[in-house]
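Asks: One structure, pasted below without further comment.
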Amino acid sequence: MKTILDCWFKKKNKQKQKTILDLPEDLVADEIISKAPIKSLGSVRSTCKKWNTLCKNRIFLGKEAAKKQFLLRDKRTICLMNFDLSKDDGTPSVEQVSVLDQKIQIFKVFQFDGLLLCFLKDYSRLVVWNPHLGQTRWIEPRNSFHSSDMFAFGHDSSFNYKILRISTEIHPVTDQYALGIERYEFSSSSWKVLDFSPDWQSRSRQQCVSLNGNAYFLTGVRGSFLCFDFTTERFGPLLPLPPFHSYDDGLHFLSFSCVRREEEQQQLALLYQHWNARDTIEISVTDKVGPHVVSWTKFLKVVTGSWVDPPSGSFLIDEEKKLAVVFVLEKVSECVYQTAHVFGQDGYFKSVRIREAPYLENSSSRNKRYYPPLLCSSYLPSLLQLNQPILMERMCNHLSFGLNR
């Protein structure tokens, strides 16, 4: 049976010799690029400039941007998970996206704009990893890294990517512990010490969330969070969290997530659960959020019947379907599974086992620890090249598809 491509080539061969590069854009987009696996687009992009543009359109403007895609981590492997919330009997599909060199052992991972910032297990270096392109960029410390260091990933208003490092140091004058702040700039490949020390402590169990270029932290000051602005390289003022039941007794669990909206900036979602009402979760979403401003809207309050395990708990929401998906580690007999609990209005509930949870390396057989179910939500592949100096023009080209719609 003749395909559309066969008919096109037969017709054109009667006129003059044509190559595959002469195919019309709509034919390339519909018959080739739309059917190529997302992890194969790197090869397709290298064909020619026109095909490179069509691949970018698919990732940032087409069906790929609308998919619910998440990243899972397994030792040195990154897996892409597609989860169709509209199918009651649907199960997530998981495929391997990229694998790090076997010699690289990761301690912590931070995600932003499809890039992964990996803190090595020996605390010696950072590596920025683009799992879609399979590229890495090594970053040496200004001073030695420590296991307690926190990192955040973002960019300034010119799309110059930066890394924030927060460390606990002994002040040379007062001999007391204080926060040390420094940032790494991709364009200059250099670290800079930021000469200020905020009077707050970040919650050790909660990694920060990066969106719209900035990084957001839960703090030790109850009922508040704050933003680091990568353009001004300063923290904004303490911002209020939603007015949930109570922050005073410390018997609550909080978790940030990122919400991607079409043609709009990303927003924050916050999950709240209190120990005295541990069968209920509440979720609020920001209407606007920035270094100096925030406003919240209630999204969902549901009875779950179980407590979200803080070390493994992560979540995402579907605003259109009014659903929340909470990822947990679930023990069944002798096995531990990475599981997704889907909650909705009017008592809707569905539980989906994603896969058996892989062990963390070096965990003992008597006290096994497992990889958390979710590395990041709202994932879109990045086309940012990491194996060469990163220029401002490339940053603008990388993100303009999502901003100029």
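Bear in mind these aren't lab numbers, they're just calculated from the coordinates by the rules spelled out. This structure is a prediction, so every number in the text was calculated from the model and none was measured. Ideal geometry is used to build each Cβ from the backbone, glycine not excepted, and the neighbour counts take in all protein chains shown.
Asks: If you rank Thr219, Thr304, Thr168 by fewest surrounding Cβ atoms within 10 Å, what's the result?
Replies: Fewest-to-most Cβ neighbours within 10 Å comes out as Thr168, Thr304, Thr219.
Asks: Using a Förster distance of 35 Å, how high is the FRET efficiency between Ser187 and Leu238, based on the Cβ-Cβ distance and rounded to 0.05?
Replies: Numbers: r = 31 Å, r/R0 = 0.88.
After rounding, the FRET efficiency stands at 0.70.
Asks: So which of Lys301/Lys322; Lys322/Lys350; Lys121/Lys192; Lys301/Lys321; Lys298/Lys350; Lys121/Lys162 end up more than 18 Å apart, counting from Cα to Cα? Before the final figure, lay out each step's value.
Replies: Working: Lys301/Lys322 11 Å; Lys322/Lys350 14 Å; Lys121/Lys192 24 Å; Lys301/Lys321 14 Å; Lys298/Lys350 22 Å; Lys121/Lys162 22 Å.
Too far apart for the 18 Å limit: Lys121/Lys192; Lys298/Lys350; Lys121/Lys162.
Asks: P(r) for the stretch 290-358, please, calculated from all Cα pair distances in 5 Å bins and given in %.
Replies: It works out to 4, 14, 23, 21, 15, 11, 7, 4, 1, 0, in whole percents.
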